Structure formats: structure tokens, C-alpha cells
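Let me begin by presenting the structure, written as C-alpha cells, before commenting on it.
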């Protein structure tokens, strides 16, 4: 639709014809080399008045990309608003303002004013009376000030639409149309967007003058510094899977996305009750609560932020390690915005999605959109989680600094107390004191992974694939079938329930009216039969039979994990597993 610009590669900001005052501020801020989007805009915009569209995701250095050319050409002696920057949220508006203040530190006479909802409009009107040359604002408050004739935009030279797709997805279409229609046609317009949906194209067509397009990557493509993984679980196991993924990544600093405000608050409360450093961010919070939560998260004192999409927009944190999709978004483009909050500024990031079977098709749609694979993975076992936590604890101890003068007076008493215990025993006791909570919690905890019974994503579960190719299976028969409400999936679920932590590999399954026949990997047959014997299931008989199973199309499945439970009568076993026992059902 629009012509494209060739992106040039420069080595330093000093390669551009920027004012010494700007270069001095950039140097003081510690920036050495421009990002690709900055190279493109600085090359073009310091020399031309053309409109342009920049296709760039969050974290690519967009603020410097549009503000440095403006600062290069702005007239500090004029009392008029010359640059007008629109952003989707208060937080992003404030972040842009702070960045421009930093870039313009040594430009005498430059004034900047931020205008946004949730704050005193009177104070912002007073600020506008100081004749700022640059105004940064959110659509709702800007339109309010324009309608009150307190913000005059008829003399602006530059109009910036930052995260245009976000503004439109948040419902600001009418406000943008009203604002843009009041600005002069001879202005230079910069439009930044991570994606190009129809409404953004409409804005460009209606309000921009033959815009050129600058792209630092494929449209709608995800940052290639991000690793994308998904985990398949039953809906009832989602929260348990979330905790296990967090525990397996002790250094996690991330955002957990939920669809609704209710889910967001509920998950945050549950995490807090379970001892995790987490809090919620959603639309029902008053501004003071919102500011407090975001301040904690930005400073790193809050490890996990549970948020809705709308609430997290404009949140600018550059060093997130993970983004977790507790619920996949309905729009694949929202997935790009969510996951784009990690892997920024050249760093790597990880995007994890916890999905149910109903969401499997969404994975394929998102893969096509982001042009990157989303790899199937299994929620790690308790042993792996415990090892990760243990090594984290060890590294934390090793890196702990101590003051010799403070500690030395106590060492004689410490050495005396441990005189009759060898070093290895001391270490074991130390680990037990700090670590028993994890060991106790994950001992025998039930596997939460559901079967990946369709080819989705890009890879198949390796254990299943290898077992199928080996062909080394034993054949078992059970005295329950369709008459007991059994189907292939509920049989798999039942086997998972009576073999917690065993990861039994199944082959073909045949469900008949009064019985079921299925394959179990040969070296697991004896283990499985022992679990059956100790299960306490009344009237259950499972025996090994010879030969090979005959495959019947439409009545055959492979793998492990399921949705429904068969109608067996279960009796509670003495000394039951911490992974959860069997529920009593109807026969």
C-alpha cells in the first residue's frame, strides 16, 4: 500500500547531523549506537518533511526515533505547541515525557507538558498556559482540552501517533478522528504501530500525505529474541501448572496475562496466599492503587504482575524475563503486543502459554501471525522444579556478600556448635532447612500435562514419538468398557490418576462394550499392574495378554492425559499420595 524506505546502517549517533546539545544528552544517558528504527528515522526525518509509518514493536527505541528529529528542528523561541504526541495510556504518555526531558536536557527554553486522564485537569491547563512547545497526551484528555479551547493544535508542525494499533483497539477511534480533523493539513505525521490492522490503514489513508513506510521487521512478526512455548493442560489444572512454571524459573520477573478483571484479581490473590510475590493490575483499581502496583513492578520489588491487556498497555519495563499467557487472547495481534514486552533492548525473553484443548487451534493461528514457531513443551516434573530451586538457592548463597568484621565475633560459637558434625551433614541440614517446603510439596505431585492428541504447533511430544517408533509394547485388557462410560480419553485420564508421577506411555487403545484393550510400553507393564493392585478400585481387573493389538480406525488413541473420568467406584487408600486421591463416582 505504501512505498518502503531502505534502512541504512550507521555506527554512532554522531554520524547524524544532530545538535551538540542533543548529542551531549544522548552521551550522558549512556546510549552508544542507534537502534534500527532510530537509524531509519534519523536518516530520513532530519532531512525531509514527508509523512511516514514506522512498523516497530514496543521496546525498539521508538521514542528516540520520533523525538530526536523533532528536537533537532523545534523552535524554542515560539510560544505555540509545535509537536503533538498521542499515546494510548497515561503510563506511556508519562514515559515518553520523561524520555524527551532526558533527550532535551541541554536545550535551553524547551518546555514539555503531559496531559492525561486520572489527574487534575486544572493543573494540566495551568501547564499549557506556560506555552509548551511539545505536548504528550492520551486521546480522551486531549480531546477534552481541545473542546474546551485550552489546547490549541492549529499551529503544530509534527503529529505523532504512538502505538496507533493499541489506541484503536482500546476504542479511541472517534477521539482520534475528532483530534486529527482539527490539526493543520501541512503538518508532518509520524505513525508508529506494531501491526497494521484495517483501522490503522484507514487512519493512514485519511490523515496522512503519501506516507512512506519504515519497517524494522516483518509486519505482525514477533521479536526473534523471544522463545515461544506452550503447555497443554486440563482447565482444572491451569493454576497448578502456572505455579509449577513459576517455580521452575526462580529468577522470573514477568507479567501473567488474564482475559478478565475478575480472573486477574483472583489469580493474583491465590498467588499471594501461596507465598508468591505477585499483585494485580486491572481496570477496577483506582489510580493511586494502579500507580502503587506499577511502581513496585517497575522497581523490581514485585516479581509477578497479573494483568489484563488494557491495564498493561503503556507499561514500560525493559528487563522482563517472561510473559505468561494464562489465557490466550482472542486476537492473535494482541499476542504480539503481550509477548513484545520481553526480549527487549537486545535481550532474550520467554513467552509461555498455558492452554487447554479448546485453544489448540489458536496456537496455529498465532504461529502464522508471528512467523515463528510456538514449541510444545511439558510442564516440568517436581524433581526438575526442585533441582532448579536448589541450584538457585546455592547460587544465591555463593553470591551473598558478608562483612568479616561483623561475622567474625560469632564464628567461634558457630564452629563450636558444629564441631561434632561433618561438612557434608551441615550442608544437608542447611539445604533441608531452606528447601523442605519444595521437597514436601512436589513429592508425588500429580502430572498436570494433558495429552497432545493433535498435531499442533511444530513438534510432537518426543517420549510419545519415540515409544511409537520402537513398537515395544505389552498388551493389557481391563474388565470395563463403553458400558462403564469409558472412552479412549477417559481411559487415559484414569491411567494418569492411578499412576501419579509415573508417565506411563500408551500405544493403541480399543474400547469395546464390556472391556478395553490397550498397549503399555513393555518396560512399564509391571509398574502399571502394581499401581492397579494398590489403587483400591473395587471390581477392577487388569491383566496382560499375549500378541499384538489390531488397530481399528475411529476407536484408537495414543498418549497420556484426558478430559473425562470413567465411572469407577474408588476407595480411599491408606497413606494416600499428596498428589490427590481418587474421587468417588457412580457406577
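The values are calculated or read from the model by the stated rules, or taken from the named source; none is laboratory data. The model shown is predicted, which means the values in this text are computed figures rather than measured ones. Reconstructed Cβ throughout: ideal geometry from the backbone, glycine too, with neighbour counts over all protein chains shown.
Within region 360-367, can one find any residue that is assigned to a strand (DSSP E or B), closer than 30 Å to residue 333 by Cα and either in contact (Cβ under 8 Å) with a residue 60 or more places away in the chain or in contact with a strand residue (DSSP E or B) (Cβ under 6 Å, 6 or more places away or on another chain) (or both)? No; the residues of region 360-367 include none that is assigned to a strand (DSSP E or B), closer than 30 Å to residue 333 by Cα and either in contact (Cβ under 8 Å) with a residue 60 or more places away in the chain or in contact with a strand residue (DSSP E or B) (Cβ under 6 Å, 6 or more places away or on another chain) (or both).
If only residues of region 385-442 that are under 45 Å from the mean Cα position of the chain (by Cα) and not in a helix (DSSP H, G or I) are counted, the one that is farthest from residue 247 (Cα to Cα) is 403. On the stretch given as region 508-524, residues that are under 12 Å from residue 485 (Cα atoms) and either touching a residue at least 40 places away in the same chain (Cβ under 8 Å) or part of a helix (DSSP H, G or I) (or both) total 1. Determine, yes or no, whether residue 511 is surrounded by 21 or more Cβ atoms within 10 Å (Cβ to Cβ), closer than 20 Å to residue 451 by Cα and more than 37 Å from the chain's Cα centre (by Cα). Yes: the conditions hold for residue 511.
The selection criterion, being surrounded by fewer than 16 Cβ atoms within 10 Å (Cβ to Cβ) and over 30 Å from residue 213 (Cβ atoms), does not hold for residue 127.
In a residue-by-residue description of region 288-295, the property of being out of contact with any strand residue (DSSP E or B) (no Cβ under 9 Å at 6 or more places or on another chain), under 21 Å from residue 338 (Cβ atoms) and in contact (Cβ under 8 Å) with a residue 12 or more places away in the chain applies to no position. Among the strands (runs of 3 or more DSSP E) confined to region 36-141, the ones with at least 2 residues that are more than 26 Å from the chain's Cα centre (by Cα) and at pLDDT below 90 are located at 52-55. Taking helices (runs of 4 or more DSSP H) as the structural unit, those lying wholly within region 171-285 and holding at least 2 residues that are closer than 18 Å to residue 352 by Cα correspond to 238-247, 261-273. With the requirement that a residue be more than 27 Å from residue 364 (Cβ to Cβ), in contact with a helix residue (DSSP H, G or I) (Cβ under 8 Å, 6 or more places away or on another chain) and either modelled with pLDDT under 90 or in a loop (DSSP other than H, G, I, E, B) (or both), what does region 288-335 give you? 290, 294, 302, 311, 314, 315, 316, 317 - these are the residues of region 288-335 that are more than 27 Å from residue 364 (Cβ to Cβ), in contact with a helix residue (DSSP H, G or I) (Cβ under 8 Å, 6 or more places away or on another chain) and either modelled with pLDDT under 90 or in a loop (DSSP other than H, G, I, E, B) (or both). Among the conditions (1) modelled with pLDDT of 80 or more; (2) buried (at least 21 other Cβ atoms within 10 Å of the Cβ); (3) under 25 Å from residue 375 (Cα atoms), the only one that residue 467 does not satisfy is (1). Of the set (1) touching a strand residue (DSSP E or B) at 6+ places or on another chain (Cβ under 9 Å); (2) at pLDDT below 80; (3) more than 27 Å from residue 246 (Cβ to Cβ), all apply to residue 486 but (2).
Every residue, every condition in (1) under 27 Å from residue 50 (Cα atoms); (2) in contact with a helix residue (DSSP H, G or I) (Cβ under 6 Å, 6 or more places away or on another chain); (3) touching a residue at least 12 places away in the same chain (Cβ under 8 Å); (4) part of a helix (DSSP H, G or I), yes or no:
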site	(1), (2), (3), (4)
143	yes, yes, yes, yes
152	yes, no, yes, no
160	yes, yes, yes, no
168	yes, yes, yes, yes
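Among the residues of region 341-357, are any part of a helix (DSSP H, G or I), in contact (Cβ under 8 Å) with a residue 40 or more places away in the chain and within 29 Å of residue 447 (Cβ to Cβ)? Among the residues of region 341-357, at least one is part of a helix (DSSP H, G or I), in contact (Cβ under 8 Å) with a residue 40 or more places away in the chain and within 29 Å of residue 447 (Cβ to Cβ), which makes the answer yes.
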